[in-house]
1. Consider segment B:69-98. How many of its residues are within 14 Å of chain A (Cβ to nearest Cβ) and either touching a residue at least 12 places away in the same chain (Cβ under 8 Å) or buried (at least 20 other Cβ atoms within 10 Å of the Cβ) (or both)?
2. Being more than 13 Å from chain A (Cβ to nearest Cβ), at pLDDT 95 or above and over 26 Å from residue A:54 (Cα atoms) is the requirement here; does residue B:18 meet it?
3. Only one of B:59, B:103, B:28, B:43 is within 30 Å of residue A:23 (Cα to Cα) and either without any contact (Cβ under 8 Å) to a residue 24 or more places away in the chain or surrounded by fewer than 16 Cβ atoms within 10 Å (Cβ to Cβ) (or both). Can you tell me which?
4. Limited to segment A:71-114, what total is found for residues that are facing chain B (nearest Cβ under 8 Å), surrounded by fewer than 21 Cβ atoms within 10 Å (Cβ to Cβ) and either among the polar types (S, T, N, Q) or within 10 Å of the chain's Cα centre (by Cα) (or both)?
5. Checking the conditions here, which among B:47, B:33, B:56 is hydrophobic (A, V, I, L, M, F, W, C) and farther than 23 Å from residue A:34 by Cβ?
6. Looking at the structure I just gave you, is residue B:38 farther than 29 Å from residue A:7 by Cα, within 12 Å of the chain's Cα centre (by Cα) and in contact (Cβ under 8 Å) with a residue 60 or more places away in the chain?
7. When you look at residue A:54, is it within 14 Å of chain B (Cβ to nearest Cβ) and in contact (Cβ under 8 Å) with a residue 40 or more places away in the chain, yes or no?
Amino acid sequence: EPEVTQTPSHQVTQMGQEVILRCVPISNHLYFYWYRQILGQKVEFLVSFYNNEISEKSEIFDDQFSVERPDGSNFTLKIRSTKLEDSAMYFCASSERLVMETQYFGPGTRLLVL
Amino acid sequence: AQSVTQPDIHITVSEGASLELRCNYSYGATPYLFWYVQSPGQGLQLLLKYFSGDTLVQGIKGFEAEFKRSQSSFNLRKPSVHWSDAAEYFCAVGDTGNQFYFGTGTSLTVIP
């Protein structure tokens, strides 16, 4: 069964450093998403992406965040200058169509900012 | 604004006992509702979803959920829990903007 994959599974970085989280969505999916989950809190929507542009973003997704689909398979989340509060689990998801299509989630990347 | 509440942070049940995980939502229109399960080190796996039609939906692994509009609830049930069901369970509501709103999750422990 096709699945969403994410790399790395864990990342530790120093505050102020840039990090790139990578995701490979399911191959025939057209919509891609990033969510994050701070330890002990709910999963929060960050951004959705379609046709090489952001379709929706939350207030969490400020200027330090960016997303990109650099090639036909990868979908990345970049955090330009990490802060302590960026420490969280980051989930990538993809769906085949828009509007209420099931989103398939990857296993997550646990980011720790020191 | 849309929101999802899972009142139970942690539930412990005995293997073979029945299970009900609660989920309440706040949404102005007809909700699109989901239950996901997360095992340690794994991603979020879809258990079941409700878009319309029959308010009792069947999912994988023997789970079912019932949509009750009058109570704004979408509780997850399983008649007989297995040790492998121990995991974190998330209820989510989707809006027409394709954004999911998740609850804080319920951690399920199954004791022999």
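The values are calculated or read from the model by the stated rules, or taken from the named source; none is laboratory data. Quick caveat, the model's predicted, so the values are computed rather than measured. Cβ sites come from the backbone with ideal geometry, for glycine too, and all protein chains shown count toward neighbours.
1. First pass over segment B:69-98, keeping only residues within 14 Å of chain A (Cβ to nearest Cβ): B:87-98.
Adding the requirement that they be either touching a residue at least 12 places away in the same chain (Cβ under 8 Å) or buried (at least 20 other Cβ atoms within 10 Å of the Cβ) (or both) leaves B:87-96, B:98.
Result for segment B:69-98: 11.
2. Numbers: more than 13 Å from chain A (Cβ to nearest Cβ): yes; at pLDDT 95 or above: yes; over 26 Å from residue A:54 (Cα atoms): yes.
Taking the combined requirement at face value, the residue satisfies it.
3. On the way: B:59 fails: either without any contact (Cβ under 8 Å) to a residue 24 or more places away in the chain or surrounded by fewer than 16 Cβ atoms within 10 Å (Cβ to Cβ) (or both); B:103 fails: either without any contact (Cβ under 8 Å) to a residue 24 or more places away in the chain or surrounded by fewer than 16 Cβ atoms within 10 Å (Cβ to Cβ) (or both); B:28 fails: within 30 Å of residue A:23 (Cα to Cα).
Selected residue: B:43, the only one of B:59, B:103, B:28, B:43 that is within 30 Å of residue A:23 (Cα to Cα) and either without any contact (Cβ under 8 Å) to a residue 24 or more places away in the chain or surrounded by fewer than 16 Cβ atoms within 10 Å (Cβ to Cβ) (or both).
4. So the answer is 1.
5. On the way: B:47 fails: farther than 23 Å from residue A:34 by Cβ; B:33 fails: farther than 23 Å from residue A:34 by Cβ.
When all the criteria are applied, what remains is B:56.
6. Numbers: farther than 29 Å from residue A:7 by Cα: no; within 12 Å of the chain's Cα centre (by Cα): yes; in contact (Cβ under 8 Å) with a residue 60 or more places away in the chain: yes.
Here the answer is no, as residue B:38 does not meet what is asked.
7. Working: within 14 Å of chain B (Cβ to nearest Cβ): yes; in contact (Cβ under 8 Å) with a residue 40 or more places away in the chain: no.
No.
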